């Protein structure tokens, strides 16, 4: 059930004056400087991205010893690598000598990384293994021992999902994940032989603030009007699309989830006509095998509904027709980079895998019937909020997220088509960010 935060007084303007929550009028608004301000963006990096657990990648992306990927999180270039000892690590992609980027290829398999500037060389476990002209250094062994690649402050893994933090004082990963941990476990338990990411990555840039991507994912209200082409297609195939019996959950710690039962089928879990008769038989067999392996209650919990999970602050996990991992990397107030991977059972037949990829690309893929709609929606918001910039009349420069607030005030179960999941996100954002002294929020008036 959505957690409600009852504030005393007529209007609660939060820690930084960028949200306005009125429990008497049952309204919730966010000042649009939260999406536009360079000061807010920098404060987010400093206070959230550099002091929280961040999703880095999945350990199956680097299955072999010496496999590596290069990533950027919180603006920091990183090397995500499996060392020669099989241990998954993450290093700052910066030479300890003079700061040069060490690894300049995006992925590969390498026993050593050599900085092109002065040829310092590090093995895949991060140890400095070669130093040209080492006779110029006093106490060479001691010196070399201080010049290994710099690891991130924290790294931990849950069900193969690798998280890192630049802050060594963050709480344990499972404490951070809270209830979201079991949602990731439910995804990992879908196959008896395990799950894996597929090679390759979908990567695209969006001309919009990162928080608009979170809002969009947690906003069931937009599904039918924005994705009317896809909804029409499903109905033509015989699948009864509905918004009934679909709910939003505040999982605490900034995490949230939509649970959807009427938007789509799920390969191997919920059959729909476009999957074909052979998949209907396979789905029945798979559900029976899951019940035998996990017990009926757990199998039904995993199999009976689609889920969209947001893990604070940069992971979106879509368990819909197919399973997609999506990572957010804010680049500027109005720019976000998105990386996405497909998450699949390791033992899947080729024809089922092909169907999975086809259904994925038809909806959540970057060229599908949903993602381009969503990108246009939050790019349109980013363009549109320029119109009200500096407008101090009433709530002209505030975005409204009041839908379903009366139900929330009564402690009722939050619907996916309400905006409760968005409100819980913004409350946690406000608490985490605090005051931004240089961000100018337009004052709200008494007549609105």
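The values are calculated or read from the model by the stated rules, or taken from the named source; none is laboratory data. Here the structure is a predicted model, which is why all the values come from computation and not from measurement. Don't worry about glycine lacking a Cβ; one is built from the backbone with ideal geometry, like all the others, and counts go over all protein chains shown.
The table for this structure:
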quantity	calculated
Subset of region 74-125 [farther than 17 Å from residue 329 by Cβ and in contact with a helix residue (DSSP H, G or I) (Cβ under 9 Å, 6 or more places away or on another chain)]	82, 88
Number of the condition not met by residue 244 [criteria: (1) over 26 Å from residue 348 (Cβ atoms); (2) in contact (Cβ under 8 Å) with a residue 40 or more places away in the chain]	(2)
Region 389-402, subset crowded, with 18+ Cβ neighbours inside 10 Å and at pLDDT 95 or above, residue nearest to residue 427 (Cα to Cα)	401
Residues being assigned to a helix (DSSP H, G or I) and either modelled with pLDDT under 90 or buried (at least 18 other Cβ atoms within 10 Å of the Cβ) (or both) - total across region 353-372	11
Set 220, 254: member being in contact with a helix residue (DSSP H, G or I) (Cβ under 9 Å, 6 or more places away or on another chain), modelled with pLDDT of 70 or more, within 19 Å of residue 304 (Cα to Cα) and surrounded by 20 or more Cβ atoms within 10 Å (Cβ to Cβ)	220
Close pairs (7 angstrom Cβ cut-off, 6 or more residues apart or separate chains): under 13 Å from residue 315 (Cβ atoms) in region 45-61, assigned to a helix (DSSP H, G or I) anywhere	53/173; 53/176
Residue 285 outside any loop (DSSP other than H, G, I, E, B), closer than 25 Å to residue 352 by Cβ and modelled with pLDDT under 95	no
Index of the failed condition, residue 186 passing every other in (1) assigned by TED's automatic domain parsing to the domain that holds residue 295; (2) surrounded by fewer than 19 Cβ atoms within 10 Å (Cβ to Cβ); (3) under 21 Å from residue 64 (Cα atoms)	(3)
Test: residue in region 95-110 that is in a strand (DSSP E or B), crowded, with 19+ Cβ neighbours inside 10 Å and not assigned by TED's automatic domain parsing to the domain that holds residue 211	no
Cβ-Cβ under 9 Å pairs, at least 6 apart or on other chains, region 363-380 side not assigned by TED's automatic domain parsing to the domain that holds residue 219, far side not in a helix (DSSP H, G or I)	none
